[in-house]
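A short write-up of the structure that comes next.
The values are calculated or read from the model by the stated rules, or taken from the named source; none is laboratory data. Being a predicted model, the structure only gives us computed values, none of them experimental. Positions of Cβ are generated from backbone atoms using ideal geometry, with glycine treated the same way; all protein chains shown enter the neighbour counts.
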Amino acid sequence: MKKSTGRRRPRRKYVSALRSEAADATKARVLGAARTLFVRSGIDRVTIAQIAERAGVAVSTVYGLYKSKEGILRALMRAALFGPHFEAAMAKLAGVSDPAEQIALTAEVARAVYEGESAELGLLRGASAFSPALRKLELEFERTRLEMQEARVRLLFAQRKQRPGLSLDEARRVLWMYTSRDVYRMLVHEGGWTPERYQAWLAETLLGALVADRFQRR
């Protein structure tokens, strides 16, 4: 009996890659179908069966991919909020060790999140403003945002560069408040600011609110 030489491995990798591409394409179709239906009818009125029909897949496939309608909505929100611009901003943040500079760069992260959300979820949010499912995931996002910012605030305090008289918990809440969706909405959507102006204002505002004067950017 001849021993296997292992020459078929590249073929297996190729087949695996094709399957992965097919799975990604199916996920994209399901999410695209869900987004269209959510915008048209509102989140609460859309069923999994309707999403499956529009995407051209079986209902079991949708459940297999996302478990529930909430899972689909969560995937849509994550793709919009934490897309390529967010990843680029976080990569830049990861390359900075100075806590004051990290606080300033948080403005770029916030802009990336809300620009992506506005482009991808603006119509959906308008059609489902009072949806309990959307509200639940928004609260989940707010908790995640607060947790993600904590390391930056702790580093600021560890290096004793925080503004005098400010506790760590107060600093976390201030950072969380200024980088909220509502502030972006009031300044950009309602106030007519450009995202660039919002980012510049937010960076300087965060430095003034959280960082001791002698450690702020010059």
### Task
Might you check whether a residue that is among the charged types (D, E, K, R) and under 20 Å from G83 (Cα atoms) occurs anywhere in the range 144-157?
yes
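Results for (1) closer than 25 Å to A112 by Cβ; (2) outside any loop (DSSP other than H, G, I, E, B); (3) more than 23 Å from the chain's Cα centre (by Cα); (4) charged (D, E, K, R), shown as yes or no for each residue.
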| position | (1), (2), (3), (4) |
| --- | --- |
| A49 | no, yes, yes, no |
| A52 | no, yes, yes, no |
| V57 | no, no, yes, no |
| S60 | no, yes, yes, no |
| L73 | yes, yes, no, no |
| M77 | yes, yes, no, no |
| A80 | yes, yes, no, no |
| H85 | yes, yes, no, no |
### Message
If I filter the range 142-149 for residues that are under 20 Å from R217 (Cβ atoms) and either part of a helix (DSSP H, G or I) or not assigned by TED's automatic domain parsing to the domain that holds H189 (or both), do I get at least one hit?
### Response
yes
### Task
Please enumerate the residues belonging to the range 159-203 that are out of contact with any helix residue (DSSP H, G or I) (no Cβ under 8 Å at 6 or more places or on another chain), closer than 20 Å to P99 by Cβ and assigned to a helix (DSSP H, G or I).
D169, E170, R173
### Query
Just checking, which of R135, R163, R197, R145 is within 24 Å of A94 (Cβ to Cβ) and either exposed (fewer than 14 other Cβ atoms within 10 Å of the Cβ) or touching a residue at least 12 places away in the same chain (Cβ under 8 Å) (or both)?
R145
